[in-house]
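Trainee: Dumping the structure here so I can ask a few things about it.
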Amino acid sequence: MNTNPTHGRFEDILAMASPSLKRLCESLRRVITSLDRDYVEVVWPSQKIASFGVGPKKMTEHYAYIALHSSHVNLGFYHGASLSDPHGILEGTGKELRHIKLRDVSAVRSNAIAGLLREAIADRMKLKDEQ
């Protein structure tokens, strides 16, 4: 793991979360880090976002983010528009970004979420290897 201490720490986001959303954020982070042991994490506490990638560059090297909201947590994908989504769980209509709104920690264990994360990680790894 590589973190960027000039921005913030994951704990900074957890400090702003309700107990249930804190558990949800922690669970999402565990899933992401179990799928990518060499992840780079950059946290923006003012935006309530923790971002994960194969390098420090947000829009080119990052694949996913956890965004804390008042009633839910978004698992976002920077290049989600290009991901296959056989379960139809991605939301958004922008050029690149897609997200999943999560309100309960049980949803994190879904095979659909793990599949999207694996595909997003592989996509950024491929790009990194080509450079």
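The values are calculated or read from the model by the stated rules, or taken from the named source; none is laboratory data. Keep in mind it's a predicted model, so treat the numbers as computed, not measured. Counting neighbours? That spans all protein chains shown, and the Cβs are built from the backbone with ideal geometry, glycine included.
Trainee: Out of (1) without any contact (Cβ under 8 Å) to a residue 12 or more places away in the chain; (2) farther than 20 Å from Ile113 by Cβ; (3) touching a helix residue (DSSP H, G or I) at 6+ places or on another chain (Cβ under 9 Å), the odd one out for Pro45 is which?
Mentor: (1)
Trainee: Which of (1) loosely packed, with under 15 Cβ neighbours inside 10 Å; (2) of a type in the set (Val, Ile, Thr); (3) closer than 17 Å to Val31 by Cα does Ile100 not meet, given it meets every other one?
Mentor: (1)
Trainee: Every residue in the range 96-110 that is at pLDDT 95 or above and either more than 19 Å from Ala17 (Cβ to Cβ) or hydroxyl-bearing (Ser, Thr, Tyr) (or both), please.
Mentor: Glu96, Leu97, Arg98
Trainee: How many residues, within the range 69-108, are of a type outside the set (A, V, I, L, M) and without any contact (Cβ under 8 Å) to a residue 12 or more places away in the chain?
Mentor: Summing the residues that are of a type outside the set (A, V, I, L, M) and without any contact (Cβ under 8 Å) to a residue 12 or more places away in the chain in the range 69-108 gives 5.
Trainee: Given the options Ala50, Ala17, Ala81, Ala67, name the one that is of a type in the set (A, V, I, L, M, F, W, C), surrounded by 13 or more Cβ atoms within 10 Å (Cβ to Cβ) and assigned to a loop (DSSP other than H, G, I, E, B).
Mentor: Ala17
Trainee: Filtering the range 106-127 down to residues that are among the small types (Gly, Ala, Ser) and assigned to a helix (DSSP H, G or I), which residue is surrounded by the fewest Cβ atoms within 10 Å (Cβ to Cβ)?
Mentor: Result: Ser106.
Trainee: Just to verify a result, which residue in the range 24-42, among those that are in contact with a helix residue (DSSP H, G or I) (Cβ under 8 Å, 6 or more places away or on another chain) and assigned to a loop (DSSP other than H, G, I, E, B), is farthest from Arg109 (Cα to Cα)?
Mentor: Restricting to residues being in contact with a helix residue (DSSP H, G or I) (Cβ under 8 Å, 6 or more places away or on another chain) and assigned to a loop (DSSP other than H, G, I, E, B), the top hit is Tyr39.
Trainee: Does Ser34 meet the test of being under 13 Å from the mean Cα position of the chain (by Cα), within 22 Å of Lys126 (Cα to Cα) and either modelled with pLDDT of 95 or more or exposed (fewer than 15 other Cβ atoms within 10 Å of the Cβ) (or both)?
Mentor: Yes: the conditions hold for Ser34.
Trainee: May I pose another question? Kindly list the number of the only condition in (1) surrounded by fewer than 19 Cβ atoms within 10 Å (Cβ to Cβ); (2) in contact with a His (Cβ under 9 Å, 6 or more places away or on another chain) that fails for Val42.
Mentor: (1)
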